[in-house]
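Presented below is the structure to which this report refers.
The values are calculated or read from the model by the stated rules, or taken from the named source; none is laboratory data. Note that the structure is a prediction, hence the values are computed from the model and not measured. Cβ coordinates were reconstructed from backbone atoms using ideal geometry, including for glycine residues, and neighbour counts include every protein chain displayed.
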Amino acid sequence: MPLVEESPSLLFGLRTIELLKREVGDDVPIMGSVISPFSLPILQMGFGAYIELLYGEPDLFWTLMKKNEEFCVRWANAQLEAGATAIGYADPLASPDMTPGDLYRRTGFIVAKRTIPRIGGAVATSLASARALPVIDDVADTGSIGVGVSTFDDLAAVKRQCAGRLTILGNLNAIEMCWWTPAQAEAEVKRAIAAAGPGGGFILSDNHGEIPWQVPESVLLAISTAVRKWGEYPLDWISV
């Protein structure tokens, strides 16, 4: 298991957080990030081998989970100590698009319930563009305070399911964004705010956590301008 204090790449990430914190203080939130212990093996051993482990080698699966949980907690807490405001817990395998619900509840759900409470700050679960709506209740039960939702999710339905329990992050389509005009960007921002903005508990974001290099700067600036134009509460422009 990598030690944070001996890993140049991890130390580089911590230094980046420290510099950001020095620059913005408490005025701008800084989001740290970890890959969940349940989803990390896709990168550690490849998808095919991990699926075989998940279904066929339960003892080895739980041995790996224990190691991954320890690393996840250490890495998350190191980021918080460096100045991160909250942690994004990337867990795409939690989505039924990736893992059957009954299998997830016997595996990744248990892992999340053991891991997230050990992280010393706020945690939002991201399903990395996979659908979130079917597992909203599970995500809320893990201790997460937020959920990143897919462009394939009905944002209004997600809002109803999350109300009073989870803050929503989403759900602009970062792939289609490559071809948006500034006018389309504004329309998409208005759509998202109208669906999930009323009552608070909504952070406008893309649906994955990454913006492709191919997205024009003009589109990103149009999104920012539209948020300032249409995201001012009390959102009186939204028809009830």
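Go through the range 62-108 and count every residue that is buried (at least 18 other Cβ atoms within 10 Å of the Cβ), over 30 Å from R22 (Cα atoms) and hydrophobic (A, V, I, L, M, F, W, C).
Total meeting the criteria: 5.
Conditions: (1) free of Cβ contacts under 8 Å to residues at least 12 places away in the same chain; (2) in contact with a Leu (Cβ under 7 Å, 6 or more places away or on another chain); (3) hydrophobic (A, V, I, L, M, F, W, C). A192 meets all but one. Number of the miss?
(1)
Taking the condition surrounded by fewer than 22 Cβ atoms within 10 Å (Cβ to Cβ), touching a helix residue (DSSP H, G or I) at 6+ places or on another chain (Cβ under 6 Å) and either in the same structural domain as A124 (by TED's automatic domain parsing) or over 17 Å from A226 (Cα atoms) (or both), does K159 pass?
Yes; evaluated as a whole, the condition is true for this residue.
Please find, among T167, T142, the residue that is within 19 Å of R105 (Cα to Cα), of a type in the set (V, I, T) and not assigned by TED's automatic domain parsing to the domain that holds Y89.
None of the other options fit; the residue is T142.
Spot the failing condition for S39; the list is (1) in a helix (DSSP H, G or I); (2) closer than 28 Å to D206 by Cβ, and only one is missed.
Among (1) in a helix (DSSP H, G or I); (2) closer than 28 Å to D206 by Cβ, the lone unmet condition for S39 is (1).
Considering only residues that are more than 19 Å from W237 (Cβ to Cβ) and of a type in the set (F, W, Y), which ones fall in the range 166-205?
Within the range 166-205, W179, W180 qualify.
Would you mention how many residues in the range 1-36 are closer than 20 Å to G148 by Cβ, outside any strand (DSSP E or B) and of a type in the set (V, I, T)?
Looking only at that region, the number is 3.
Here are the criteria: (1) crowded, with 17+ Cβ neighbours inside 10 Å; (2) over 29 Å from Q79 (Cα atoms). Tell me which single one I238 does not satisfy.
Condition not satisfied by I238: (1).
Being of a type in the set (K, R) and touching a residue at least 40 places away in the same chain (Cβ under 8 Å) is true for just one of R105, R114. Which residue is that?
Every option except R114 fails the conditions.
Working carefully through the options V111, V28, find the one that is outside the structural domain of L169 (by TED's automatic domain parsing), β-branched (V, I, T) and crowded, with 19+ Cβ neighbours inside 10 Å.
Being outside the structural domain of L169 (by TED's automatic domain parsing), β-branched (V, I, T) and crowded, with 19+ Cβ neighbours inside 10 Å holds for just one of V111, V28, which is V111.
Within the range 149-171, can one find any residue that is of a type in the set (S, T, N, Q) and within 16 Å of D91 (Cβ to Cβ)?
Yes, that holds for at least one residue.
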